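Remarks on the structure that follows.
The values are calculated or read from the model by the stated rules, or taken from the named source; none is laboratory data. As the structure is a prediction and not an experimental result, all values here were calculated from the model. FYI the Cβ positions are ideal-geometry reconstructions off the backbone, even for glycines, and counts take in every protein chain you see. Surface areas here come from the heavy atoms of the whole protein model, side chains and all, with no ligands, DNA or RNA. Shrake-Rupley method; radii C 1.70, N 1.55, O 1.52, S 1.80 Å.
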Amino acid sequence: MRRKEREVTDQKKLLEIIEACHCCRVGFACEGQVYIVPVNFGYVCEDGKYTLYFHGAGEGRKMELVRENPVAGFEMDTGYELKTAASACGYSAYFQSITGQGRVSIVNDMEEKRKGLCAVMKHETGKADWEFQEKMLDVVRVWKLEVSGLTGKEHVK
């Protein structure tokens, strides 16, 4: 990272930034181009390893790409505020962000599906103890990104 003073390496601070973000942009390589999709998410951090969980329909371009290419990148950010100045070159922005990459896959195990959906709901609502009907679990697709590397960055006032 070029601006080392903005790098976030503290595990607690990384989790605080992830917790503050509610949109994760996932990028897939596809036939020489990049396909980026914004999605809501949940996460689990176990032994310093992050897994991001997502849900959606079982069909469509996103799911095709998850099936075709197991590698993806991601970005999430929060706290954007424009920093003004007297000259154009003095302008900047305050922000916090997380970027990274990892392996994506579809979750077929019902217990892990529940775990992933609970992670999404906890992240979005703060409530962790959700029940899911078997019929719904059969229909919804859960996929995950097992993070192999991530970088935190912040520029704060």
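What's the number of the condition V156 fails, among (1) surrounded by 13 or more Cβ atoms within 10 Å (Cβ to Cβ); (2) at pLDDT below 90?
The number of the failed condition is (1).
Being outside any helix (DSSP H, G or I), open to solvent by 80 Å² or more (accessible area, probe 1.4 Å) and within 24 Å of D10 (Cα to Cα) is the filter here; which residues of the range 82-122 pass it?
Once the filter is applied, which keeps residues that are outside any helix (DSSP H, G or I), open to solvent by 80 Å² or more (accessible area, probe 1.4 Å) and within 24 Å of D10 (Cα to Cα), the range 82-122 yields Q101, R103.
With the checklist (1) within 20 Å of R114 (Cα to Cα); (2) open to solvent by less than 50 Å² (accessible area, probe 1.4 Å) in hand, flag the one item K62 doesn't pass.
(1)
Against the conditions (1) within 17 Å of P38 (Cα to Cα); (2) part of a loop (DSSP other than H, G, I, E, B), where does W130 fall short? Just the number, please.
The failed condition is (1).
From the list T78, T125, T151, pick out the single residue that is surrounded by fewer than 18 Cβ atoms within 10 Å (Cβ to Cβ), closer than 15 Å to Y50 by Cβ and of a type in the set (S, T, Y).
Testing whether each residue is surrounded by fewer than 18 Cβ atoms within 10 Å (Cβ to Cβ), closer than 15 Å to Y50 by Cβ and of a type in the set (S, T, Y) leaves just T151.
State the number of residues belonging to the range 30-59 that are of a type in the set (A, V, I, L, M, F, W, C) and open to solvent by 100 Å² or more (accessible area, probe 1.4 Å).
Selection size over the range 30-59: 2.
Under 6 Å between Cβ atoms, at least 6 apart or on separate chains: pull out the pairs that start in the range 88-108 with a residue that is at positive phi and end on any residue that is part of a loop (DSSP other than H, G, I, E, B).
From residues that are at positive phi, there are no pairs.
Of the residues that make up the range 2-17, is at least one under 10 Å from the mean Cα position of the chain (by Cα), surrounded by 15 or more Cβ atoms within 10 Å (Cβ to Cβ), in contact (Cβ under 8 Å) with a residue 40 or more places away in the chain and within 15 Å of F74 (Cα to Cα)?
Among the residues of the range 2-17, not one is under 10 Å from the mean Cα position of the chain (by Cα), surrounded by 15 or more Cβ atoms within 10 Å (Cβ to Cβ), in contact (Cβ under 8 Å) with a residue 40 or more places away in the chain and within 15 Å of F74 (Cα to Cα), which makes the answer no.
Mind checking which residues of the range 133-157 are in contact (Cβ under 8 Å) with a residue 40 or more places away in the chain and assigned to a loop (DSSP other than H, G, I, E, B)?
Once the filter is applied, which keeps residues that are in contact (Cβ under 8 Å) with a residue 40 or more places away in the chain and assigned to a loop (DSSP other than H, G, I, E, B), the range 133-157 yields V140, V156, K157.
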